[in-house]
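Q: Below you'll find the structure I mean.
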Amino acid sequence: MDFQVVVLAGGTSKKLAPLVSKDVPKSLLPVANRPVISYVLELLEQSNLKDLIVVVEGEDTDGLVENWISEAYVDRLHVQVASVPEEVGTAGALRAIAHHLTASDILVVSGDLVCDISPGAVAAAHRRHDAVVTAMLCSVPVSGTPESGSSGGKDKTKKPGRYNIVGLDLTEQFLLYIAAGMDVEKDIRVQKSILRAVGKMEIRADLMDAHLYAFKRSVLQEVLNQKQTFRSLKQDVVPYLVKSQLRSEILLNGTQAEENGNEKDGFSNNKVMLSQLLANASTPSFHELYALGPNGFAPVERKTHKCCVYIANKTNYCARLNSIQAFSDINRDVIGDASHLSRCSFSVHNNVIHPSAVLGSKTTVGPQCMLGEGSQMGDKCSVKRSVIGRHCRIGSNVKVVNSVIMNHVTIGDGCSIQGSVISSNVQLQERAVLKDCQIGAGFVVTAGSEYKGESLARK
């Protein structure tokens with residue numbers, strides 16, 4: 001399958017401050033004690049998609065990500081890491097690496113995607129329909145507010161988010177309308193030509209654009225070249241292709257016939273009969289029927305292109321780590337209901353405790369918990385629904401609930417941590433209390449202090 005894969009790994013996203021830094025870019029944030037980008041890389045490897053371009057924002061991020069990938073995937077993947085300027089957007093990132101793209105089709109995957117859906121299935125659907133773009137849609141995850149700064153410690157606060165509004169044909173194969181971001185709150189406006197051509201349209205608000213797209217390379221590069229103001233694939237490029245699919249202005253290798261799904265000689269003398277089309281395809285799409293016109297032939301060729309969707313099964317897991325809320329939710333999911341993604345063997349108590357970890361007397365680590373390599377806990381500690389990283393030093397009488405603690409964290413006696421995220425190399429002195437907080441790397445929480453709903457970082 002002649003696909004080139006681009007993984008958009010980002011840089012130091014402001015939405016994830018103070019968890020990200022120059023030392024820990026977004027792509028290396030831990031999910032169940034391994035970098036989030038590893039979930040995408042292994043998903044691609046399972047689909048035998050092993051030639052990758054990983055795009056990162058900022059030169060500092062470049063070396064960190066490249067070093068980690070080269071160590072973790074030596075002899076397994078062929079990865080080229082490319083650096084682009086910060087804040088160029090997803091479309092800008094592809095524009096910046098256009099000279100690296102040579103395959104006929106490009107698979108673009110967000111590096112913060114955690115899912116169990118085969119990218120190969122999306123690529124196959126794209127080829128089957130001869131589409132210019134195929135977007136993967138999945139069920140909206142049940143979580144806290146996507147843009148919330150809180151880590152959302154209590155599961156009872158979870159609710160379905162609202163990510164996209166999409167319009168689909170009745171076969172749920174073709175994308176007729178898509179709204180994202182601020183456009184979700186606007187009135188739905190669909191071109192009359194699309195409605196007339198398709199007859200009926202299904203409106204869905206329960207699907208999330210997973211940021212996994214297959215593009216025809218020539219079409220993608222043509223749009224990026226012609227539309228220099230486009231910054232986002234999700235909010236600019238894909239909506240543009242969807243809106244223009246029945247009045248296509250794009251060319252494919254200098255011809256339009258392949259975009260119409262017809263043979264190259266199908267429009268001989270600028271006239272195509274419906275019988276000719278049916279001879280070549282038992283179930284023509286509305287694009288082909290529209291191109292023929294109402295009487296079964298088109299005196300003047302109508303140019304169209306296909307925008308398709310691959311809708312994941314509701315039983316599949318799919319989420320993006322694009323906010324602090326999502327970071328907490330995904331970590332809990334991967335040691336909970338989506339534990340098959342963790343690659344770990346859970347004990348009879350439904351937890352993962354590394355063999356080198358040390359537990360003190362009367363310390364309990366409950367179900368849906370993970371305790372990393374070399375970490376030590378003192379006496380009478382309690383851990384519930386939490387992830388604790390590698391080489392942490394935790395004193396006695398410490399309570400950790402619904403939290404994520406990264407590597408090399410020191411926690412003094414009598415501390416209480418609930419619904420919080422603690423970055424690497426943080427020190428919590430004795431009797432510190434944290435509730436719904438985010439602590440940046442290297443921060444020191446002084447003895448006896450109490451914080452609720454705070455974001456703390458070194459100045």
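Q: Checking the conditions here, which among ALA72, ALA9 is in contact with a Ser or Thr (Cβ under 8 Å, 6 or more places away or on another chain) and closer than 17 Å to ARG320 by Cα?
A: Of the residues listed, the single one that is in contact with a Ser or Thr (Cβ under 8 Å, 6 or more places away or on another chain) and closer than 17 Å to ARG320 by Cα is ALA9.
Q: Which members of region 302-331 meet the condition of being open to solvent by less than 40 Å² (accessible area, probe 1.4 Å), among the hydrophobic types (A, V, I, L, M, F, W, C) and either out of contact with any Lys or Arg (no Cβ under 8 Å at 6 or more places or on another chain) or assigned to a helix (DSSP H, G or I) (or both)?
A: Answer for region 302-331, where residues must be open to solvent by less than 40 Å² (accessible area, probe 1.4 Å), among the hydrophobic types (A, V, I, L, M, F, W, C) and either out of contact with any Lys or Arg (no Cβ under 8 Å at 6 or more places or on another chain) or assigned to a helix (DSSP H, G or I) (or both): CYS307, CYS308, VAL309, ALA312, CYS318, ALA319, ILE324, ALA326, PHE327, ILE330.
Q: Take the conditions over 29 Å from the mean Cα position of the chain (by Cα), of a type in the set (Lys, Arg) and surrounded by fewer than 16 Cβ atoms within 10 Å (Cβ to Cβ) and apply them to LYS362. Does it pass?
A: Taking the combined requirement at face value, the residue satisfies it.
Q: Please enumerate the residues belonging to region 213-265 that are surrounded by 16 or more Cβ atoms within 10 Å (Cβ to Cβ), among the β-branched types (Val, Ile, Thr) and either within 15 Å of HIS126 (Cα to Cα) or at pLDDT below 95 (or both).
A: Listed by number, the residues that qualify are VAL219, VAL238, VAL242, ILE250.
Q: Just to be sure I understand, how many residues within region 103-144 are open to solvent by 10 Å² or more (accessible area, probe 1.4 Å), touching a Phe, Trp or Tyr at 6+ places or on another chain (Cβ under 7 Å) and assigned to a helix (DSSP H, G or I)?
A: Looking only at that region, the number is 1.
Q: Sticking with this one: Let me spell it out: the conditions are (1) closer than 20 Å to ASP379 by Cα; (2) open to solvent by 60 Å² or more (accessible area, probe 1.4 Å), and VAL398 meets all of them except one. Which number is the exception?
A: Answer for VAL398: the failing condition is (2).
Q: Evaluate the following for MET201: is it modelled with pLDDT of 85 or more, touching a Phe, Trp or Tyr at 6+ places or on another chain (Cβ under 6 Å) and on the phi < 0 side of the Ramachandran plot?
A: No; evaluated as a whole, the condition is false for this residue.
Q: Here is a list of conditions, (1) out of contact with any helix residue (DSSP H, G or I) (no Cβ under 8 Å at 6 or more places or on another chain); (2) at pLDDT 95 or above; (3) among the hydroxyl-bearing types (Ser, Thr, Tyr), and SER110 meets all of them except one; can you say which number that is?
A: Just one mismatch for SER110, condition (1).
Q: Additional query: Do you know which residues across region 332-359 are open to solvent by less than 70 Å² (accessible area, probe 1.4 Å), under 24 Å from ASP116 (Cα atoms) and assigned to a loop (DSSP other than H, G, I, E, B)?
A: The answer is ILE335, GLY336, ALA338, SER342, CYS344, PHE346, SER347, ASN350, ASN351.
Q: A follow-up question, please. Within the set of pairs 6 or more residues apart or between chains, which connect a residue that is over 23 Å from GLN325 (Cβ atoms) inside region 444-459 to a residue that is open to solvent by 70 Å² or more (accessible area, probe 1.4 Å) and assigned to a strand (DSSP E or B) with Cβ atoms less than 9 Å apart?
A: VAL444/GLN427
Q: Now, a different point. Provide a single number: the residues in region 52-92 that are at pLDDT 90 or above, among the hydrophobic types (A, V, I, L, M, F, W, C) and either assigned to a helix (DSSP H, G or I) or over 26 Å from ARG217 (Cα atoms) (or both).
A: Residues in region 52-92 being at pLDDT 90 or above, among the hydrophobic types (A, V, I, L, M, F, W, C) and either assigned to a helix (DSSP H, G or I) or over 26 Å from ARG217 (Cα atoms) (or both): 6 in total.
Q: Okay, next question. Quickly run through region 11-34 and pick out the residues that are within 13 Å of LEU113 (Cα to Cα) and either open to solvent by less than 20 Å² (accessible area, probe 1.4 Å) or free of Cβ contacts under 8 Å to residues at least 24 places away in the same chain (or both).
A: Correct list: SER27, LEU29, VAL31.
Q: Picking from LEU289, LEU277, which residue would you name as being in contact with a Leu (Cβ under 7 Å, 6 or more places away or on another chain), of a type outside the set (Phe, Trp, Tyr) and at pLDDT below 70?
A: Exactly one of LEU289, LEU277 is in contact with a Leu (Cβ under 7 Å, 6 or more places away or on another chain), of a type outside the set (Phe, Trp, Tyr) and at pLDDT below 70, namely LEU277.
Q: Return the residues of region 420-446 that are closer than 21 Å to SER13 by Cβ and either crowded, with 24+ Cβ neighbours inside 10 Å or among the hydrophobic types (A, V, I, L, M, F, W, C) (or both); say none if nothing qualifies.
A: Result: SER420, VAL421, ILE422, SER423, VAL426, CYS437, GLN438, ILE439, ALA441, PHE443.
The values are calculated or read from the model by the stated rules, or taken from the named source; none is laboratory data. All of these numbers come straight from a predicted model, not from anything done at the bench. Using ideal geometry, Cβ is built from the backbone for each residue, glycine included, and neighbour counts are taken over all protein chains shown. Quick note on the areas: whole protein, heavy atoms, side chains included, nothing else; ligands and nucleic acids left out. Shrake-Rupley method; radii C 1.70, N 1.55, O 1.52, S 1.80 Å.
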